[in-house]
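*Asks:* Below you'll find the structure I mean.
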Amino acid sequence: MNKTALVFSSLLLCACTGEKTPGKSPYFKDDDILTISGQFLDKDQDGLAATKIALRNLRVFAYVNPSQTYFKETLNWFIALAFPMFPTYDTKAVKIKPNYFLKDAVTARDGSFRFQIRADQTLRDAEGGINIALINDGDGTASSYAKYNFVIKQQETTLDPIALCDLGETVQETGSSLDWSWPLPSYALDHYEVRIADAQDNSLLWATRVESGSPQLTLPKSIFQAASIRYAIEVFYHFEDELHASCLTPSRTISIANPMTNLASGKKASAEGIDFTVTSLTNGRFNDVSYFSAYDTRSLTIDLEEDTLVTSINLHNLQFTSDTAPHQLIFEGSTKAAPNTFVSIGLDDETPLRFGNYQLPVPGNYARLRISASNVFSLLQEVSVQ
């Protein structure tokens, strides 16, 4: 067994104080000091020296502990304001308000690190667990990154060695797609997640899951609508419910030599039960905070204006108002000659994905496209058509 496989195997099998299984964390007093220590390794499994790292609250259904609601502080402030003639006294130390950001540090020569934080800086999830994310920021450009999520189980937490990863992936551009591929790692893993953003403003264009046994991804170029994109691949080599250990490959920027036009760009869209034209679905602005949202709509229609050859439809950041199953999507099309007569385009009862690429079994010419769901839409960022 090589050194890389050995480290990952020990990481998966080791049951140490930095336990990664989700569950309720112990009770701590507000001023208790929690210690988190460990070691970052480089791609050769040597200590990663002088690297910036960060400790963050991982907000998974997080809430502030009832003992940290600041009710008493607020009440004292109100009394002091309303009744200045009756001073109040509080000998307790002022609590530290929990925040996403906890602490930053730099690793030692051997890659080791040690954080100390107050217990009242943390947040708890619905089960009382304190979820923490440890992030290696690298140099922000080409260095490997690592992210390690865990639940605090004891006042002193010692984590397993955290390895960085570089898959050595390649990206090939064809006439209609971008194709990623990489060698299958020697260590056991659960799955990959690929995230792609606009290199200019870092707005998220696409995110998708790739299963462990299939180290490749093909996406139509119409998804990106940008000549330059940035991507990173996260490798989940330990996965349990909401909490996981993972490593993140270096983010890389690539230029698309021959971008493809989004056929829906700038076209009008309409929604069932809405009496105005929807423009945010087709404006190409992925950094636009004003996403389309409608809490009483189950169908959307994109007007391509002319009969246009359609090969695929992409939905970006689709969400529903309810998690009640089943969720299903139906895609239909109509021609310019009969704009209100919609027919199946071969995509019936499709499983909706937050970022979904739906390839037509047989490309066809359509002037209007209708997307219907079995549940009510709550949000959809963009629709792209190729």
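*Asks:* List pairs: first in the stretch 265-290 and loosely packed, with under 15 Cβ neighbours inside 10 Å, second at pLDDT below 70 and charged (D, E, K, R), Cβ under 6 Å, 6+ apart or cross-chain?
*Replies:* Close Cβ pairs satisfying both conditions: 273/296.
*Asks:* Within the stretch 243-295, take every residue that is aromatic (Phe, Trp, Tyr) and part of a loop (DSSP other than H, G, I, E, B) and give me the one that is modelled with the highest pLDDT.
*Replies:* 286
*Asks:* Could you check the stretch 206-219 and list, in sequence order, the residues that are buried (at least 20 other Cβ atoms within 10 Å of the Cβ) and touching a Ser or Thr at 6+ places or on another chain (Cβ under 9 Å)?
*Replies:* Hits for the stretch 206-219 are 217, 219.
*Asks:* Tell me which of these residue 214 doesn't satisfy, since it passes every other one: (1) within 22 Å of residue 260 (Cβ to Cβ); (2) of a type in the set (S, T, N, Q); (3) at pLDDT 85 or above.
*Replies:* Only one criterion is unmet by residue 214, namely (1).
*Asks:* Suppose we filter the stretch 333-386 for residues that are open to solvent by 30 Å² or more (accessible area, probe 1.4 Å) and not in a strand (DSSP E or B); how many remain?
*Replies:* Of the residues in the stretch 333-386, 12 are open to solvent by 30 Å² or more (accessible area, probe 1.4 Å) and not in a strand (DSSP E or B).
*Asks:* Scan (1) open to solvent by 60 Å² or more (accessible area, probe 1.4 Å); (2) in contact with a helix residue (DSSP H, G or I) (Cβ under 8 Å, 6 or more places away or on another chain); (3) among the small types (Gly, Ala, Ser) for the single condition residue 312 breaks and write down its number.
*Replies:* Tallying (1) open to solvent by 60 Å² or more (accessible area, probe 1.4 Å); (2) in contact with a helix residue (DSSP H, G or I) (Cβ under 8 Å, 6 or more places away or on another chain); (3) among the small types (Gly, Ala, Ser), residue 312 fails exactly one: (1).
*Asks:* Give the number of residues within the stretch 351-386 that are without any contact (Cβ under 8 Å) to a residue 40 or more places away in the chain and either farther than 21 Å from residue 297 by Cβ or in contact with a Phe, Trp or Tyr (Cβ under 6 Å, 6 or more places away or on another chain) (or both).
*Replies:* 2
*Asks:* Mind listing whichever residues of the stretch 212-226 are in a loop (DSSP other than H, G, I, E, B), hydrophobic (A, V, I, L, M, F, W, C) and in contact with a Leu (Cβ under 6 Å, 6 or more places away or on another chain)?
*Replies:* 224
The values are calculated or read from the model by the stated rules, or taken from the named source; none is laboratory data. Model, not experiment: these values are computed from the prediction. Neighbour counts run over all protein chains shown; Cβ positions are idealised from the backbone, glycine included. Please note that ligands, DNA and RNA were not included when accessible areas were found on the heavy atoms of the full protein model with its side chains. Shrake-Rupley method; radii C 1.70, N 1.55, O 1.52, S 1.80 Å.
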